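K.L.:
This is the structure, below, for whatever I ask next.
The values are calculated or read from the model by the stated rules, or taken from the named source; none is laboratory data. Note that the structure is predicted; figures quoted are calculated from it, not measured. We place every Cβ from the backbone using ideal geometry, glycine too, and count neighbours over all the protein chains shown. What goes into the accessible areas is simple: the full protein's heavy atoms, side chains included, and nothing from ligands, DNA or RNA. Shrake-Rupley method; radii C 1.70, N 1.55, O 1.52, S 1.80 Å.
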Amino acid sequence: MVDLSQSLHAQSIQDPISFWQDAAKMISWDRVPTQILDEARKPFYEWFTDGKMNTCFNAVDRHVAAGGGDNIAINYISPVTQNQYQITYNELLAQVSRLAGYMQSIGIEKGDRVVIYMPMIPETAFAMLACARIGAIHSVVFGGFAANELSTRINDAKPKLVLSASCGIEPSGVVPYKPLLDDALEQASHQVGHCLILNRHQYQASLIAPRDVDWQQAVAGASGVDCVSLQATDPLYILYTSGTTGQPKGVVRDNGGHAVALCWSMKHIYDISADEVFWAASDVGWVVGHSYIVYGPLLVGATTIMYEGKPIGTPDAAAFWRIIAANKVKSFFTAPTAIRAIKREDPDGELIKQFDLSCLKQMFLAGERCDPDTLNWSQAMLGKPVIDHWWQTETGWPVAANLMGVDPIAIKPGSPARPVPGYQVEVLDAMGKQVPANESGNVVIKQPLPPGTLTTLWQNDNRYVESYLSMYPGYYLTGDAGYIDDDGYLYIMSRIDDIINVAGHRLSTGRFEEVLCQHPAVAEAAVIGVQDKLKGQVPLGMVVLKNGVDLSDEDLNKQLLALVRQEIGPVASFRLVSAVPKLPKTRSGKILRATMRKIADNQEYSVPATIEDPQTLEIVRNTLTRMGYANALTKTLA
Ligand code: COA
Ligand code: AMP
């Protein structure tokens with residue numbers, strides 16, 4: 001029997017134009033689109049081509065105009081500063097329109113790029129919305145990235161303006177952002193004209209005139225401005241994500257398709273409408289933060305929670321449940337890592353039992369594969385549906401999920417359920433043939449992708465086509481491997497490339513290798529992601545030293561760990577590295593990372609026929625065992 005979610009999915013695939021034309025009614029248009037899907041520039045598809053609208057108007061002004069100005073837009077909860085306050089839609093409008101006014105006054109116009117390097121505070125959302133208001137393209141850079149990563153993004157996006165705060169606050173203490181920004185600007189070849197700096201009282205940054213301007217003063221002296229009417233296809237933002245090389249990919253999101261898709265997902269997937277409370281405990285620096293801390297909830301007039309804290313330690317493992325109960329959160333979204341951290345501290349859920357969680361209908365998990373244990377534990381402890389769902393920075397909203405606002409289907413732990421309407425997901429073999437049910441292959445999405453997904457990579461159409469569209473023409477390559485079972489449920493098992501997922505953060509092993517090779521003693525490096533009970537995966541490096549290097553293991557480790565922290569940032573969580581005499585390679589010189597990973601994770605592996613020196617795998621195994629991995633006697637396949 002076909003259920004409601006299945007019939008919605010079928011409609012969206014058979015007649016995408018009617019499906020999305022209908023969905024487009026969820027937003028306010030300055031000019032209602034008549035051209036719903038434009039295929040003229042295939043394989044670049046455009047949605048709502050002749051429509052005009054403004055994302056900020058839809059996320060803020062229209063709710064005020066409809067009488068919802070006194071409703072809470074943002075509820076800022078910051079255990080790390082012991083601060084909490086609420087911002088109504090009226091207040092949000094005032095803040096955003098004045099900040100936009102200031103930006104216009106210094107010459108920021110439609111199409112200009114603005115980099116935002118900020119912590120989890122409401123001003124970060126104001127900054128994003130102010131850009132959207134005047135058609136500037138924002139690019140938020142996660143605060144856990146180091147100066148060098150920031151400067152790479154500045155060079156690529158070429159912003160006229162950077163918005164930043166003096167510091168972020170982590171459980172370990174104050175993390176000054178401004179010195180990192182100064183450093184990044186000095187490293188960057190692109191010259192940034194203006195920086196607007198929010199000085200937080202925990203750390204006063206010195207401002208370098210005339211480039212740096214104090215945020216509070218600038219906004220106090222600015223007048224509010226109205227929204228600029230934009231083409232639906234104009235870019236709203238660039239969000240950099242890890243690719244397989246050290247150069248991050250600048251995912252470009254449009255305005256119209258994005259607003260429509262997010263509104264659709266808030267209602268049908270997350271089961272949230274105006275006035276309800278939604279909380280995504282992530283960071284605005286990631287796509288989850290863009291879509292479901294800022295834009296999604298505000299587009300539908302709901303209340304979003306901005307949480308400056310962690311799942312544990314700020315102050316304890318009850319933080320999530322305390323906030324959900326106190327603020328009547330209906331749908332909650334976090335990463336499996338966060339639940340694993342909580343489970344470790346509260347294995348029997350004693351803290352959970354202390355709160356009345358009757359407001360909570362369901363919890364969503366994404367960002368990394370959700371192991372069945374984590375799902376089963378949280379479901380048992382909460383007594384609520386726990387919904388694993390799968391998506392990526394590129395797609396901007398879920399590709400596979402249980403539609404909690406439509407017709408929830410049975411939960412199968414280990415699976416993010418079935419493809420969401422709009423996405424035609426298939427599993428292909430290396431030759432491009434669809435594999436039978438239950439057999440693994442490359443997970444792809446048939447073009448056209450639905451509204452809200454990436455339109456290209458920033459000023460790099462070629463890389464977009466090469467990375468995603470060239471392997472299987474007509475299909476978007478997700479980079480994930482998995483299978484579909486007899487009931488149409490999807491299982492996402494691993495990446496097919498060198499991307500690793502550390503505590504729900506996506507990082508490139510290629511970037512780690514580049515950094516390790518910067519060390520004067522290192523000739524060659526290989527980095528793999530190994531399984532970790534808390535973070536899902538952590539990076540592990542092996543380096544080959546240059547001839548004649550005289551450095552103790554301890555010193556080498558210290559220096560390499562510090563180098564990665566300095567170059568990539570603390571978010572890299574890089575703690576495991578060892579020197580080896582030689583790396584395992586094929587005769588053509590390709591490092592056998594997949595085999596190394598299997599050995600580390602105690603999986604069966606076969607010695608590739610093309611290996612240059614089989615002895616190197618023994619070296620790898622022994623080294624890994626010394627490092628606490630590869631500690632089971634696995635069979636080598638013939
Ligand atoms: N600004 C500056 N530094 C940051 C930062 C930020 N925005 N975010 C993280 N860091 C730093 C941390 O302080 C830490 O530094 P340290 O090595 O000096 O302690 C480092 O980056 C690693 O941080 P994190 O990944 O948070 O790991 P942790 O060991 O401190 O905490 C968890 C473990 C499980 C609590 C944490 O990883 C977590 O909350 N995970 C959930 C992830 C998540 O929500 N992902 C979003 C995808 S949906
Ligand atoms: P990011 O672009 O940082 O959101 O990372 C996206 C990648 O994280 C995906 O391509 C997957 O590899 C992984 N991922 C995210 N959510 C899930 C999930 N629910 N199950 C399995 N893998 C996931």
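K.L.:
So, in segment 548-590, how many residues would count as being open to solvent by 70 Å² or more (accessible area, probe 1.4 Å), out of contact with any strand residue (DSSP E or B) (no Cβ under 8 Å at 6 or more places or on another chain) and outside any helix (DSSP H, G or I)?
P.N.:
Summing the residues that are open to solvent by 70 Å² or more (accessible area, probe 1.4 Å), out of contact with any strand residue (DSSP E or B) (no Cβ under 8 Å at 6 or more places or on another chain) and outside any helix (DSSP H, G or I) in segment 548-590 gives 4.
K.L.:
On to the next question. May I ask you to verify whether Ala326 is within 15 Å of ligand 1 (Cβ to nearest atom), outside the structural domain of Val252 (by TED's automatic domain parsing) and surrounded by fewer than 21 Cβ atoms within 10 Å (Cβ to Cβ)?
P.N.:
Criteria not met by Ala326.
K.L.:
Here is a follow-up. What are the residues in segment 481-495 that are more than 16 Å from ligand 1 (Cβ to nearest atom) and surrounded by 18 or more Cβ atoms within 10 Å (Cβ to Cβ), if any?
P.N.:
Gly482, Tyr483, Ile484, Tyr489, Leu490, Tyr491
K.L.:
Just name the residue that is farthest from ligand 2 (Cβ to nearest atom) out of those in segment 505-530 that are surrounded by fewer than 21 Cβ atoms within 10 Å (Cβ to Cβ) and closer than 26 Å to Gly289 by Cβ.
P.N.:
Gly510
K.L.:
Given the structure, is Val140 under 20 Å from Phe278 (Cβ atoms) and either of a type in the set (Asp, Glu) or within 16 Å of ligand 2 (Cβ to nearest atom) (or both)? Steps first, please.
P.N.:
Values: under 20 Å from Phe278 (Cβ atoms): yes; either of a type in the set (Asp, Glu) or within 16 Å of ligand 2 (Cβ to nearest atom) (or both): yes.
When the stated conditions are applied, Val140 passes them.
K.L.:
When only residues in segment 271-287 that are within 14 Å of ligand 2 (Cβ to nearest atom) and open to solvent by less than 20 Å² (accessible area, probe 1.4 Å) count, which is nearest to Leu365 (Cα to Cα)?
P.N.:
So the residue we want is Ala280.
K.L.:
For segment 94-117, how many residues are crowded, with 23+ Cβ neighbours inside 10 Å and either out of contact with any helix residue (DSSP H, G or I) (no Cβ under 9 Å at 6 or more places or on another chain) or not in a helix (DSSP H, G or I) (or both)?
P.N.:
Residues in segment 94-117 being crowded, with 23+ Cβ neighbours inside 10 Å and either out of contact with any helix residue (DSSP H, G or I) (no Cβ under 9 Å at 6 or more places or on another chain) or not in a helix (DSSP H, G or I) (or both): 6 in total.
K.L.:
Considering each residue of segment 1-32, count those that are touching a strand residue (DSSP E or B) at 6+ places or on another chain (Cβ under 8 Å), assigned to a loop (DSSP other than H, G, I, E, B) and not acidic (Asp, Glu), and give that number.
P.N.:
Summing the residues that are touching a strand residue (DSSP E or B) at 6+ places or on another chain (Cβ under 8 Å), assigned to a loop (DSSP other than H, G, I, E, B) and not acidic (Asp, Glu) in segment 1-32 gives 3.
K.L.:
Only one residue in Thr124, Thr152 is of a type in the set (Val, Ile, Thr) and open to solvent by 10 Å² or more (accessible area, probe 1.4 Å), so which one is that? Write out each step before concluding.
P.N.:
Values: Thr124 fails: open to solvent by 10 Å² or more (accessible area, probe 1.4 Å).
From the options Thr124, Thr152, the qualifying one is Thr152.
K.L.:
Another question about this same structure. Can you tell me which residues in segment 343-390 are free of Cβ contacts under 8 Å to residues at least 60 places away in the same chain, touching a Pro at 6+ places or on another chain (Cβ under 6 Å) and within 16 Å of ligand 1 (Cβ to nearest atom)?
P.N.:
Across segment 343-390, the qualifying residues are Leu365, Cys370, Thr374, Leu375, Asp388.
K.L.:
Select, from Phe48, Phe57, Phe44, the only residue that is hydrophobic (A, V, I, L, M, F, W, C) and touching a Cys at 6+ places or on another chain (Cβ under 6 Å).
P.N.:
Phe57
K.L.:
Same structure, new question: Could you pull out every one of the strands (runs of 3 or more DSSP E) wholly within segment 265-374 that has 1 or more residues that are under 17 Å from the mean Cα position of the chain (by Cα) and more than 22 Å from Pro413 (Cβ to Cβ)?
P.N.:
It comes to 277-280, 303-307.
K.L.:
If I ask for residues that are within 22 Å of Val60 (Cα to Cα), surrounded by 15 or more Cβ atoms within 10 Å (Cβ to Cβ) and among the acidic types (Asp, Glu), which ones from segment 199-258 would you list?
P.N.:
Asp234, Asp254
K.L.:
Also, I was wondering about something else. Please state which one of Ile74, Ile27 is crowded, with 16+ Cβ neighbours inside 10 Å, over 16 Å from Gly452 (Cβ atoms), within 27 Å of the chain's Cα centre (by Cα) and not basic (Lys, Arg). Don't jump to the end; show me each part of the working.
P.N.:
Details: Ile27 fails: over 16 Å from Gly452 (Cβ atoms).
Result of the check over Ile74, Ile27: Ile74.
K.L.:
Taking the condition among the charged types (D, E, K, R), surrounded by 19 or more Cβ atoms within 10 Å (Cβ to Cβ) and out of contact with any strand residue (DSSP E or B) (no Cβ under 8 Å at 6 or more places or on another chain), does Arg133 pass?
P.N.:
yes
K.L.:
Just need a number here: residues in segment 157-179 that are outside any strand (DSSP E or B), within 10 Å of ligand 1 (Cβ to nearest atom) and touching a residue at least 60 places away in the same chain (Cβ under 8 Å).
P.N.:
Restricting attention to segment 157-179, the residues satisfying the condition of being outside any strand (DSSP E or B) are 157-160, 166, 171-172, 177-179.
Subset that is within 10 Å of ligand 1 (Cβ to nearest atom): 171-172, 177.
Add one more test, that the residue is touching a residue at least 60 places away in the same chain (Cβ under 8 Å), and what stays is 171, 177.
The number of residues fulfilling the criteria is 2.
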